[in-house]
Every structure is written in structure tokens, then in C-alpha cells.
Amino acid sequence: MRAVVTDGKDELQFSDQHVPEPKPGEVRISVAAAGVNPVDVATRNGLLHAGVVPAGTAVGLGWDVSGIIDAVGTDVSSPTVGTRVVGLRADPTTSLGTYAEFVVLPVDAVAPVPDGIATIDAASIPLNILTADQALDLAGPVGTLLVTGAAGGVGGFAVALAADRGWTVTALARESDREFVLRAGATSVVSSIADAHPVDAVLDTAALGSAALAAVHDNGNYVGVLPPAVPDGERGIATTAVSVRHDGTRLTQLLELVVSGAIEVRVAGTLALEHARTAQDEASAQGVRGRWLLTP
Ligand SMILES: NC(=O)c1ccc[n+]([C@@H]2O[C@H](COP(=O)([O-])OP(=O)(O)OC[C@H]3O[C@@H](n4cnc5c(N)ncnc54)[C@H](OP(=O)(O)O)[C@@H]3O)[C@@H](O)[C@H]2O)c1
């Protein structure tokens with residue numbers, strides 16, 4: 001089968017790999033679509049090869065996947081073969097990612113795709129919604145929240161999930177995204193940190209770093225998305241960053257929120273797997289809203 005790998009030198013390569021066999025505790029997915037995310041582009045540009053994996057290692061691309069279960073490990077009784085699922089591959093160091101025809105994941109990394117969500121579109125959801133949800137878990141007691149990058153992949157979900165949890169949300173977003181972020185659940189929109197009223201917590205998906213601390217009350221909370229680049233706290237502000245983990249159980253609950261209409265699914269476009277590089281280039285352009293998807 002075909003799969004896309006990289007050695008971190010700005011190139012994508014197609015590798016011919018054996019169809020993987022699921023071990024106990026795993027399921028195999030016949031891939032319908034893989035989401036294209038900023039981390040994939042960073043991986044192509046050497047993110048993992050700067051110390052996480054040895055130089056020259058071919059690592060598989062892609063974290064998000066949707067598709068159909070086509071084989072299960074010996075001890076897996078659910079989901080069964082034929083189930084539509086969506087999942088997160090959270091170990092990016094292996095030679096097989098979701099930019100492939102088949103992928104094997106731990107069974108607790110997948111969730112059934114509910115009626116009301118198209119199988120292909122589902123691939124736009126897991127990485128960003130789980131990141132947003134797990135970041136909110138780090139944001140402290142519910143109160144006022146500023147989400148930077150509020151119209152982005154993580155930020156859009158974060159606004160909606162925070163509003164659903166009871167936060168009063170200010171969105172930092174481009175003027176052209178005002179309607180989207182208000183629809184998602186923000187009660188106010190600003191275009192810069194300087195314009196924001198002080199909040200209890202900031203979820204900094206735009207990676208503004210220490211500049212974002214200016215919007216936070218003394219003793220508040222800062223949650224970033226880049227674990228190696230957490231700004232030092234000041235004025236008693238606690239600073240941390242999310243590192244997303246797979247969580248099929250929570251993903252199942254979050255998909256129900258999507259079906260309820262509380263959260264929008266946004267797909268920027270779909271390209272065939274052989275155009276993975278083009279899809280990454282499209283996804284990297286400023287102003288893109290929604291995820292690009294690859295279909296094998
Ligand atoms: N730690 C983890 O577990 C984890 C998991 C997932 C993602 N991430 C990281 O989270 C970050 C965000 O990912 P994403 O998928 O949400 O990216 P994205 O879809 O590109 O969203 C980023 C958003 O921030 C906006 N933005 C950037 N600077 C801005 C500014 N100064 N003012 C207003 N808007 C601004 C962008 O708008 P424009 O397009 O108009 O510039 C875009 O809407 C990435 O660095 C990604 O690698 C981390």
C-alpha cells in the first residue's frame with residue numbers, strides 16, 4: 001500500500017509499505033481521509049529530526065484519520081469490522097502515519113462517526129477538537145477567557161467548547177472572521193491583545209507567547225499550544241501548554257456536540273493522497289479556514 005513519509009528535509013516521499021496487521025488492543029482502518037495539520041508541515045521541515053528521531057529516519061505523516069474498520073486485534077470486540085470511525089494517531093515517530101491507505105491505531109484512539117457527519121469530513125476533527133478540549137482542562141476555574149487564533153483549527157473548536165462549558169469568551173481574530181467566532185460562541189471579538197479587557201485565562205492557539213500575558217489578570221492562567229515554548233509567568237500567572245493525547249471516549253462525546261450543531265465542521269478542500277505536498281502548501285497559506293483533507 002502507499003503511505004507518505006518524510007526524513008524532515010522539506011520533502012515528502014511515497015513509500016510502498018505492507019498493509020499493517022492490528023495487534024491485540026488495536027484496530028486497522030481503511031482510510032477514507034487524513035487531515036492536513038500545521039504539525040505535519042513542521043514534521044516535513046524537521047520538527048522531529050531536531051532531536052526526537054535520528055537523522056535519516058523516515059517517519060509517517062498525519063495525525064487525523066477517518067475511515068472504516070477493516071480488521072481488529074484478537075481481543076477487540078468493539079468497534080466491529082465495517083464501523084465508520086475517526087481517530088487520532090498521537091505517536092508521530094512511527095514509520096506509518098495517517099497519510100496512507102491503511103493505518104493501525106490503539107482501539108482507545110478511535111470513536112465511531114455518528115450519523116450526521118460525513119466519513120471524509122470527520123478527518124478534520126480529532127486533533128484540533130481534542131487539543132482544544134484538553135487545553136481548556138488546563139485553563140483553571142470557568143470565568144472569562146481570551147482565545148487567540150480563534151478562527152483557526154484549534155481556536156474555532158476552543159471557542160465553541162469553552163462557551164459550552166460556561167466560559168465568557170473573547171475571540172482574538174481577524175475582522176473577516178468576526179461572524180464565525182460570534183457564531184461559535186464568543187461574546188466579543190478583538191483584533192489585538194492591546195484591545196482585550198483583562199481575562200481570567202488565555203488559550204493562546206495563535207502562539208503569541210509572552211505578549212498574550214498582558215491580557216491576563218494577576219494570578220490567572222495561560223495555556224499555550226507549543227510545549228517547548230511556554231512563556232515564563234509574571235504577576236502570578238501560571239503558564240503551561242497542552243500536549244494532545246488520544247482519547248476515543250472523549251472524542252465520542254465531542255462528536256455528539258458536533259452533531260447537535262454546537263460545533264461547526266470546516267473543510268477547506270480535499271485532494272488525492274498523491275497531491276499531499278500541494279495540500280500542505282494550500283493548508284499553510286495565511287487565511288485558510290477549515291482543514292485540507294487527503295483521500296487515498
Ligand atoms: N500542543 C499540541 O498538542 C497541539 C495540537 C494541535 C495543534 N497545535 C499547534 O497549535 C497551533 C495552531 O494550530 P491550528 O491548527 O489551529 O492552526 P491554524 O488553523 O493555522 O490557526 C491559527 C490561527 O491563528 C490566526 N492568527 C495567527 N496570528 C494571529 C494574529 N496575530 N491575530 C489574529 N489571528 C492570528 C491565524 O489566522 P491567519 O490564517 O489569518 O494568519 C489562524 O486563524 C499550531 O502551532 C499547531 O502546531 C498544538
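Per-residue answers, yes or no, for (1) touching a residue at least 12 places away in the same chain (Cβ under 8 Å); (2) under 30 Å from Asp16 (Cα atoms):
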| site | (1), (2) |
| --- | --- |
| Val223 | yes, no |
| Val230 | no, no |
| Glu234 | yes, no |
| Ile237 | yes, no |
| Asp247 | yes, yes |
| Ser260 | no, no |
| Ile263 | yes, no |
| Thr270 | yes, yes |
| Ala283 | yes, yes |
If you check every pair at least six apart or on different chains, which have Cβ atoms under 9 Å apart with a residue in region 182-200 that is under 12 Å from Ala151 (Cβ atoms) and touching a residue at least 12 places away in the same chain (Cβ under 8 Å) first and a residue that is open to solvent by less than 40 Å² (accessible area, probe 1.4 Å) and of a type in the set (S, T, N, Q) second?
-> Ala186/Thr170; Val189/Thr170
Does region 216-230 contain any residue that is more than 10 Å from the ligand (Cβ to nearest atom), assigned to a helix (DSSP H, G or I) and open to solvent by 80 Å² or more (accessible area, probe 1.4 Å)?
-> no
So which residues in region 180-209 are assigned to a helix (DSSP H, G or I) and either outside the structural domain of Gly233 (by the TED database) or within 14 Å of the ligand (Cβ to nearest atom) (or both)?
-> Phe180, Val181, Ala184, Ile193, Ala194, Asp195, Gly209
Pair list, Cβ < 6 Å and 6+ apart or interchain, from region 1-27 residues that are over 17 Å from Pro38 (Cα atoms) to residues that are acidic (Asp, Glu) | Met1/Glu101; Arg2/Glu101; Pro24/Asp75
Does Gly25 qualify as being touching a Gly at 6+ places or on another chain (Cβ under 8 Å) and within 20 Å of Ser284 (Cβ to Cβ)?
-> no
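The values are calculated or read from the model by the stated rules, or taken from the named source; none is laboratory data. Just so it is clear, the model here is predicted, and its values are computed rather than measured. Because the Cβ atoms are built from the backbone with ideal geometry, glycine has one as well, and the counts that use them run over all protein chains shown. Accessible surface is based on the protein model in full, side chains and every heavy atom, while ligands, DNA and RNA are left aside. Shrake-Rupley method; radii C 1.70, N 1.55, O 1.52, S 1.80 Å.
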